[in-house]
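Q: Dropping a structure here in structure tokens format, bear with me for questions.
Where a number appears in this text, it was derived from the coordinates with a stated rule and is not lab data. Since the structure is predicted, the reported quantities are computational estimates derived from the model, not experimental observations. We place every Cβ from the backbone using ideal geometry, glycine too, and count neighbours over all the protein chains shown.
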Amino acid sequence: MRATLYDAAGEDREVELSEGISSRLDEHQLLWVDLDARDEEEIDRVGAMLELPDDAVRHLADAPDTARLLRFPGHVLLRLIAVQPSGRKGQGSGVRLETAPIDLVAAPNMIVTVHDRDVEAFDEFESEIRGDSHLGRLDAAGFMGALVDSVLSVCLHVVEEIDRRIDVLDEMALRGAQPDALLREVVMLRRRIALLRRTLAPHRAAFAPLARPDLDIPELGQAWAGLVERLERAMDATESARDLLLGSFDVYMARAAHRTNNVMKVLTVLNAVLLPAIVLAGVMGMNFKIGFFEEPANFWFAVAGMLALAATLVGVSRWRGWL
């Protein structure tokens, strides 16, 4: 557990939690309590010291399986599912993606976050703060919006990485090299995009109340309605990546069809060139006698005729643009 006090009238610092700390916060202070494990005893202890509602504390003990917004008297519980790189190497290039369930409890001048593993969005949020940040001037709703926006930013970074991989796929498809590797990469990126879509879609229902007038808790401040627009942007970027991936696969299929057409063209011309020689050889191999066969030197005339027919067919093919 880590507790950070943002003090607009003093210095930002880490503090130790104690009984009644939430009642000692003033309008220029904001307390962020971050728990990186769902230990039931620890959650109960923190909930008691921060005077959180019992129903909210019970929810924090279990990781959410979908996004959801729960409202309590003077408190809001927002349950999110973040998507982030896991750090483990996956098939092809890049790293695997993982989901990270996150709970955010907004209380007057206070935010409590609970998650099961490291959250990249929170690390990036803290890395952007240099010195005294004046975050203490924010209300709980505004600070919660900043944390959620960081989670969506990581999703957008993931989509940007997918877009870069799709650009590489386009080059591979045009070259026509390593078709097996290309198909494996397409399947891997398709799974990543599907994970993003499945994870982001339920957040629409969770974020919708943030833009409605009935979510009015003066103690928390005004919810940032821009989160809905930010979510839609992430969803649109995911759909765009999906369309780009389908386009890359279409390029690969068109390149494969073009290569197949070239092979069939060569085989067709080869058959057409050899067909007259085969017919001539078959006729001359028939079981009858004529004077032409009495002279051995006429064999070379037959070969010359075959070559002449073949050359004629090749010339006609080039003239018509078939070759």
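Q: Taking the C-alpha atoms of segment 180-284, how large are the radius of gyration and the largest Cα-Cα span, Dmax, in Å?
A: Reported Rg and Dmax, both Å: 28.6, 104.
Q: Pulled fully out, how much extra length does the chain show between A201 and T268, if you take 0.36 nm times their separation in residues and subtract their Cα-Cα distance?
A: On the way: separation 67, 0.36 × 67 = 24.12 nm, distance 5.21 nm.
Once the chain is fully extended between A201 and T268, it gains 18.9 nm.
Q: Working from Cα positions, state the angle (0 to 90°, nearest 10) between the long axis of helix 40-50 and the longest principal axis of the chain.
A: Here the helix axis deviates by roughly 50 degrees.
Q: Most fluctuating residue of D39, D170, D139 in a GNM of the chain with Cα springs under 10 Å: which is it?
A: Highest fluctuation of the listed residues: D39.
Q: Also, quick follow-up: For segment 109-254, take the alpha-carbon Rg, divide it by the Kirkwood Rh, and send me Rg/Rh.
A: Details: Rg = 19.3 Å, Rh = 17.6 Å.
Value, to two decimals: 1.10.
Q: Please work out the FRET efficiency for the pair L183 and R45, using the Cβ-Cβ distance as r and a Förster radius of 51 Å; give the result to the nearest 0.05.
A: 0.45
Q: Related question: Ranked highest first by the average count of other Cβ atoms within 10 Å around their residues, in what order do 253-265, 141-153, 115-127 fall? Can you show the working numbers first?
A: Values: 253-265: 11.5, 141-153: 20.8, 115-127: 16.8.
Order by mean packing, descending: 141-153, 115-127, 253-265.
Q: Right, here's the next one. Between E128 and A281, with labels modelled 7 Å along Cα→Cβ, what's the label distance in nm to one decimal, could you check?
A: Taking the two extended label points, one gets 7.6 nm.
Q: Calculated from DSSP H runs of 4 or more alone, at -39500 (n - 2.57) each and per residue, what is the 222 nm mean residue ellipticity of the chain, nearest 500? If you can, show how the numbers build up before the last one.
A: Values: 8 runs with 171 residues, N = 323.
Calculated at 222 nm, the ellipticity per residue is -18500 deg cm²/dmol.
Q: How big, in percent, is the set of alpha carbon pairs in the chain lying more than 27 Å apart? Intermediate results must be reported in sequence, preceding the final value.
A: Numbers: 31129 of 52003 pairs.
In whole percent, the share of Cα-Cα pairs in the chain beyond 27 Å is 60.
Q: Could you give the angle, 0 to 90 degrees to the nearest 10, between helix 140-175's Cα long axis and the longest principal axis of the Cα atoms of the chain?
A: So the helix axis and the longest Cα principal axis differ by about 10 degrees.
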